[in-house]
1. Which of the residues that make up region 35-53 are of a type outside the set (S, T, N, Q) and without any contact (Cβ under 8 Å) to a residue 24 or more places away in the chain?
2. Sort out which residues of region 54-105 are more than 18 Å from Glu26 (Cα to Cα) and small (Gly, Ala, Ser), and write them in order of number.
3. With Ile102, Ile98 as the choices, which residue is surrounded by fewer than 16 Cβ atoms within 10 Å (Cβ to Cβ) and at pLDDT 95 or above?
4. Criterion first (touching a helix residue (DSSP H, G or I) at 6+ places or on another chain (Cβ under 8 Å) and open to solvent by less than 30 Å² (accessible area, probe 1.4 Å)) does Val174 satisfy it?
5. Go through region 45-66 and give me each residue that's of a type in the set (D, E, K, R), closer than 27 Å to Leu185 by Cα and buried (at least 17 other Cβ atoms within 10 Å of the Cβ).
6. Looking only at residues that are open to solvent by 50 Å² or more (accessible area, probe 1.4 Å), outside any helix (DSSP H, G or I) and hydrophobic (A, V, I, L, M, F, W, C) in region 198-251, which one is modelled with the highest pLDDT?
7. On the given criteria, is Glu121 without any contact (Cβ under 8 Å) to a residue 12 or more places away in the chain and either charged (D, E, K, R) or buried (at least 24 other Cβ atoms within 10 Å of the Cβ) (or both)?
8. So how many residues does region 144-153 have that are at pLDDT 95 or above and either open to solvent by 10 Å² or more (accessible area, probe 1.4 Å) or within 18 Å of His201 (Cβ to Cβ) (or both)?
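The values are calculated or read from the model by the stated rules, or taken from the named source; none is laboratory data. This is a predicted model, so every value here is computed, not measured. So basically every Cβ, Gly included, is an ideal-geometry build from the backbone, and we count neighbours across all protein chains shown. Just so you know, the surface numbers come from the protein's heavy atoms only, side chains and all, with ligands and any DNA or RNA stripped out. Shrake-Rupley method; radii C 1.70, N 1.55, O 1.52, S 1.80 Å.
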Amino acid sequence: YSYRMPQAIDYGERSLALARELNLREQMAFTLNDLAGCYWVLGRFDQAKAAVHEAQTLWRELGNLPMLADSLNISAQIRIRVGEYDQALVSSAEAYQISQSIDNVWGNTHSQFRLGYIYWERGQIEQAIAIMEKSIHHGDSAGFLVPPIVTRTELAAVYGSLGQIKHGLELGRVALAIAREQMPLYEAFVLGVLAQLELLHGHIDQAKETIALAQQEPSHKVWPVYFVPVRQADGRLALKLGDYERALAVA
């Protein structure tokens, strides 16, 4: 979260090597859990899957239910990013069941916050909106900041895709305010979706400014997965302007 992903992975891999040498199974599980998160936001999905799978095996062996739920939730996020929605739903469901059984509010919230995206992708719009709104509410209650930023941004995109662009922009601006105040690493992600909504609204100059602002964010080097909406917005802007060569280059 401090824009030092190469160091994070270096320390994580060194920690894992030492923990394996000493057979510190709990430390191995914690390190693998964190490494999986580092790998997937860089788009290194195969490594992320392998790390989180090994972590889950260890958490089951150790009987650590809160961390097993957390690990299953990380697995779901990875699966969603590569379009493996059925597997994501299975991981989320188990994480939710575990979290319910131990009254873990964080785990409950974490297990639900990206499900709305799956429903949206599958055209189940009513379910998508309902679960996204619920996730935002639970995130606020649990102090889990990701749904109030990420899920609210995705909900903004859903409304934009339905033609309710003004409402989408309102939601996106709320998400941006939270990101700026508490989790700046998500700013570019929100700005990318806002720019797409501005283009849908016909506000080309405003979209240009939003894209330029997002491109100044250092997160594209740290979390390229979360920078994708900015690239998409830039490509759509080029299409709007008739600059087809640049649109192709961005794509």
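1. Here is the first cut: in region 35-53, the ones of a type outside the set (S, T, N, Q) are 35-46, 48-53.
Residues satisfying the conditions are Arg44, Asp46, Ala50, Ala51, His53.
2. Ser75, Ala76, Gly83, Ala88, Ser91, Ser92, Ala93, Ala95, Ser99, Ser101 - these are the residues of region 54-105 that are more than 18 Å from Glu26 (Cα to Cα) and small (Gly, Ala, Ser).
3. On the way: Ile98 fails: surrounded by fewer than 16 Cβ atoms within 10 Å (Cβ to Cβ).
Ile102 is the lone residue from the list that is surrounded by fewer than 16 Cβ atoms within 10 Å (Cβ to Cβ) and at pLDDT 95 or above.
4. Here the answer is no, as Val174 does not meet what is asked.
5. Matches in region 45-66: Lys49 only.
6. Of everything passing the filter in region 198-251, Leu241 is modelled with the highest pLDDT.
7. When the stated conditions are applied, Glu121 does not pass them.
8. Result for region 144-153: 2.
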